[in-house]
Amino acid sequence: MEKFWAFWNFELFQAGGHQYSVGQFILLGLLLVVGYVVSRLFERIFSRRLRKTSLSPNAIQTLQRVLFYTLIIGVILAALSLLNIPIASFAFLTGAVAIGVGFGAQNIINNFISGWILMSEQPVRVGDFIEIDQHTGVVERIGNRSTRIRRVDGVHILVPNSQMLERVVVNWTLVDQQIRTTIRIGVAYGSQPQQVAESIEEAVRSQADVLHDPAPRVIFEDFGDNALIFDAIFWCNVGGERELRQIRSNIRFRVSELFSERDITIAFPQRDVHIDGIGPLQVELVSDNGKGK
């Protein structure tokens, strides 16, 4: 034990009238490691309890991050106290480091600050359905450096937080989940337009996810080359493109059933060719020697 205590109390150096031993630096390392692990543990416990409340996922993530960084700052202050280092002595060093980091890690700091802006202003929240740079998907997480988005095809993409503020982002669910969509249907010439419009409107209103306010509308859009064109315009209360596609599919199934019951034909491309002003055609067979028969 004497050798252990001799090693533990072995003086490494002196600074500012304080002696620093091997034991102090070992305790410092243990304090930092244990403090980080405990901070992560408290963060997860805190997050699990918040998920049982009525708070939004975005608010839970913000509180979770604030708690973690608060605990980390407490661990750092405890480490400085263990070494008897006053915070004021780091004023000059902190300024120099800040300048160096500012020049060398501009993008990292920019993305870090942008992440906090996203969490505070909430132009994009966890669970929102967005479009950015031709990518469409649901926001799953807003991290310190990037935002994780799950596209409609299941692929995850990471977008730097600064780009979420600098680029044009289409947020389908920023205020609510009401989305307008359209279905175009063409029927054969000879169909009764009023009956067609009533059938399409009945099919649209039969879907539970279609809103009645604003009410669905069926527009007789045009006389097409091969069909009478109708557009069904309606609003849905959904959270993204996948649900919207399913609703449109259900409406098309119902339209097909109603058209079949009412003998309404869905148009398809066709051409009628009329040949006028041509007399009888003379058909002549030619033998192998080139003489006619």
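So for segment 178-261, what percent of the C-alpha to C-alpha distances run longer than 16 Å?
Result: 49 percent of Cα pairs exceed 16 Å.
Specify which residue in the list N250, A188, G239 is farthest towards the positive end of the charge dipole of segment 178-261, using unit charges on the beta carbon of Lys, Arg (+1) and Asp, Glu (-1), about the Cα centre.
The one lying farthest along the dipole's positive direction is G239.
Among the trypsin sites (Lys or Arg not before Pro) in segment 128-177, which ones are in a DSSP loop with at most 11 other Cβ atoms within 10 Å of the Cβ? Mind listing them?
Those that pass, being in a loop and sparsely packed, are R167.
Please state the charge dipole magnitude for segment 124-171, taken about the Cα centre, from unit charges on C-beta atoms (+1 on K and R, -1 on D and E), reported in debye and rounded to the nearest 20. Walk me through the numbers before you get to the answer.
Numbers: 7 positive and 6 negative charges, 41 e Å.
Dipole magnitude for segment 124-171 comes out near 200 debye.
Among residues other than G186 whose Cβ falls under 10 Å from its Cβ, what is the net charge (Lys/Arg +1, Asp/Glu -1)? Before the final figure, lay out each step's value.
Values: positive: R184; negative: E221, D222, D225.
Overall, the nearby charge balance is -2.
Summing Lys, Arg as +1 and Asp, Glu as -1, what charge do residues with Cβ under 13 Å from the Cβ of D222 carry, D222 excluded?
Numbers: positive: R184; negative: E221, D225, D231.
Cβ neighbours under 13 Å give a net charge of -2.
Sort the following peptides by mean Cβ neighbour count (other Cβ atoms within 10 Å, averaged over residues), highest first: 60-70, 252-262.
Details: 60-70: 16.3, 252-262: 14.7.
Averaged packing, sorted descending, gives the order 60-70, 252-262.
What percent does the relative contact order of segment 134-280 come to when contacts are Cα pairs within less than 8 Å and at least six residues apart?
23
Every number here is computed from the coordinates shown, using simple stated rules; none is lab data. Treat the numbers as computed from the prediction; the structure is a model and nothing was measured. Note that each Cβ is placed from the backbone with ideal geometry, even for glycine, and that neighbours are counted across all protein chains shown.
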